[in-house]
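Take a look at the structure set out below.
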Amino acid sequence: MLKNFKELIVWQKAFTLIKSIYRFTESFPKNEEFGLKSQIRRASVSIVSNIAEGSVRSTRRDYANFLSTALGSAAELETQILLSTELGYFNKYQSDKLLSDLSEVAKMLFVIRRKLLKPTT
């Protein structure tokens with residue numbers, strides 16, 4: 001498979017999302033340090049890490065499995081962003097930005113995964 005994951009646009013967008021997540025969660029309450037703040041950060045890192053790891057696997061199916069895991073982490077992250085917004089930890093701008101960027105990454109992951117699983121002729 002691809003040997004330089006950093007060239008993947010989906011990886012680049014997911015990496016940019018992580019940076020936004022880290023900036024926006026910096027102001028979370030101290031009591032969320034090991035709770036929601038940590039969960040959100042880990043889910044965002046999981047997305048980009050699974051894209052990278054999958055891209056260097058030897059088979060298309062292995063790569064697709066890692067993208068499935070990345071999609072699962074994206075769903076987890078979306079839930080955590082929604083909860084953080086409801087709790088008042090994210091303002092509307094932050095929430096809209098994160099959800100929009102996350103949606104774009106998730107759509108790209110879905111398309112790549114589908115192409116990888118398509119039978120080759």
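The values are calculated or read from the model by the stated rules, or taken from the named source; none is laboratory data. Since this is a predicted model, take the numbers as computed values, not measurements. Using ideal geometry, Cβ is built from the backbone for each residue, glycine included, and neighbour counts are taken over all protein chains shown.
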Need the failing condition index for Q12 against (1) within 23 Å of K115 (Cβ to Cβ); (2) of a type outside the set (F, W, Y); (3) modelled with pLDDT of 95 or more; (4) touching a helix residue (DSSP H, G or I) at 6+ places or on another chain (Cβ under 6 Å), just the number. (4)
Cβ pairs under 6 Å, 6+ apart or interchain, first in region 54-70 and more than 11 Å from L117 (Cβ to Cβ) and touching a residue at least 12 places away in the same chain (Cβ under 8 Å), second aliphatic (A, V, I, L, M) and part of a helix (DSSP H, G or I), ordered by first then second residue, are G54/L67; A70/I47; A70/I51; A70/L109
Can Q12 be described as among the polar types (S, T, N, Q) and under 15 Å from the mean Cα position of the chain (by Cα)? yes
Failed criterion for K115 (all others in (1) without any contact (Cβ under 8 Å) to a residue 12 or more places away in the chain; (2) buried (at least 17 other Cβ atoms within 10 Å of the Cβ); (3) within 18 Å of W11 (Cβ to Cβ) hold): (2)
